[in-house]
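To start, the structure itself, in structure tokens.
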Amino acid sequence: MNIASVPAIVTGGASGLGAAAAAMLAAAGAHVTIFDRNAEAGARHAAEIGARFNAVDVANEAEVADAMDAAAAAFGSARILINAAGIVHGEKTVGREFLPHAQANFTRVITVNLIGSATVASQFAARLAQAEPLGEERGVIINTASVAAYDGQIGQIAYAASKGGIVAMTLPMARDLAQFGIRVCTIAPGIFWTPMLAGMKLEVQEALGRQVPFPSRLGKPEEYADLVRTIIGNAMLNGETIRLDGAIRLAPR
């Protein structure tokens, strides 16, 4: 698919991996709409790259539907969806003083990361399925998991479960949408530089980077965006989860 002039939606596009993907798409000529809960950062990044912005909680089905309609009214039917919105929460199955993992915390992570991704993808695909094809396909969905889906660390049961669910739904979603010519792939990043890591001391960032076999550094958001571009451009990439991790396998902690 040719990115130029194609409408695209990026969730979590205000910062980190989503922001890099949105910037890449806009630079390539796509008509980008950013969905993010952070209205200030989202509006600022959208202005910087020449995109639209909608304040959206991906866990809220009504907000997602309204934002999809607004994006379609502005640019037409979106052909590209990058699902990069997500949250992180650390909590052990049994914590200090033998406290069980709080159900509300587990539910929130699953709701945003997994259910939010599925909701946005479904809302996007329901609209796109009614559009005219562009060549042999109508469009593509790219979800974002994590290597934690495979190598979840201590205190990551909620996060790992949410990302594992994204990996698990990739193939059946691709099979569901094959009849409409809509592809589905997932990227599972390793240790990438994000705003969360930016708050850590430089020596901590460097220590994390040394855990990566090669290249021994943190991944760059632009490298995530490069893989997004590759997936969009190659119609045979479908139903697959791609680890983008420098060959790292996470230790227990």
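Being outside any helix (DSSP H, G or I), loosely packed, with under 13 Cβ neighbours inside 10 Å and in contact (Cβ under 8 Å) with a residue 60 or more places away in the chain, is that true of even one residue in the stretch 117-131?
no
Sort out which residues of the stretch 55-72 are of a type in the set (Gly, Ala, Ser) and either out of contact with any helix residue (DSSP H, G or I) (no Cβ under 8 Å at 6 or more places or on another chain) or crowded, with 23+ Cβ neighbours inside 10 Å (or both), and write them in order of number.
Residues satisfying the conditions are 62, 67, 70, 71.
Return a yes/no flag: does the stretch 1-10 have any residue that is surrounded by 16 or more Cβ atoms within 10 Å (Cβ to Cβ) and at pLDDT below 95.
Taking every residue of the stretch 1-10 in turn, at least one turns out to be surrounded by 16 or more Cβ atoms within 10 Å (Cβ to Cβ) and at pLDDT below 95.
Can you find a residue in the stretch 35-58 that is in a helix (DSSP H, G or I), touching a Lys or Arg at 6+ places or on another chain (Cβ under 9 Å) and within 17 Å of residue 5 (Cα to Cα)?
yes
If a residue has to be aliphatic (A, V, I, L, M) and in a loop (DSSP other than H, G, I, E, B) to count, how many in the stretch 69-100 make the cut?
6
Looking at 8, 19, which one is assigned to a helix (DSSP H, G or I) and under 15 Å from residue 84 (Cα atoms)?
19
Could you please tell me which pairs satisfy a Cβ distance under 8 Å, a separation of 6+ or placement on different chains, a first residue in the stretch 216-229 that is touching a residue at least 40 places away in the same chain (Cβ under 8 Å) and assigned to a loop (DSSP other than H, G, I, E, B), and a second residue that is crowded, with 17+ Cβ neighbours inside 10 Å and among the β-branched types (Val, Ile, Thr)?
Close Cβ pairs (under 8 Å, with a partner that is crowded, with 17+ Cβ neighbours inside 10 Å and among the β-branched types (Val, Ile, Thr)) do not exist here.
Residue 181 versus (1) in contact with a helix residue (DSSP H, G or I) (Cβ under 7 Å, 6 or more places away or on another chain); (2) surrounded by 18 or more Cβ atoms within 10 Å (Cβ to Cβ): which is the lone unmet condition?
Status for residue 181: all satisfied but (1).
Name the pairs whose Cβ atoms lie under 6 Å apart, with the first residue in the stretch 65-83 and within 11 Å of residue 123 (Cβ to Cβ), the second of a type in the set (Phe, Trp, Tyr) and surrounded by fewer than 23 Cβ atoms within 10 Å (Cβ to Cβ), and 6 or more positions between them or separate chains?
Within 6 Å, no pair qualifies.
I need a count of the residues in the stretch 13-46 that are closer than 23 Å to residue 184 by Cβ, crowded, with 24+ Cβ neighbours inside 10 Å and touching a strand residue (DSSP E or B) at 6+ places or on another chain (Cβ under 6 Å).
Summing the residues that are closer than 23 Å to residue 184 by Cβ, crowded, with 24+ Cβ neighbours inside 10 Å and touching a strand residue (DSSP E or B) at 6+ places or on another chain (Cβ under 6 Å) in the stretch 13-46 gives 10.
Among (1) of a type in the set (Phe, Trp, Tyr); (2) farther than 27 Å from residue 159 by Cα; (3) surrounded by 23 or more Cβ atoms within 10 Å (Cβ to Cβ), where does residue 75 come up short?
The one condition residue 75 does not meet is (3).
Residues 174, 168: which one is in contact (Cβ under 8 Å) with a residue 24 or more places away in the chain, over 23 Å from residue 16 (Cα atoms) and surrounded by 15 or more Cβ atoms within 10 Å (Cβ to Cβ)?
174
The values are calculated or read from the model by the stated rules, or taken from the named source; none is laboratory data. Note that the coordinates shown come from a computational prediction; the quantities given were computed from them, not determined experimentally. Note that each Cβ is placed from the backbone with ideal geometry, even for glycine, and that neighbours are counted across all protein chains shown.
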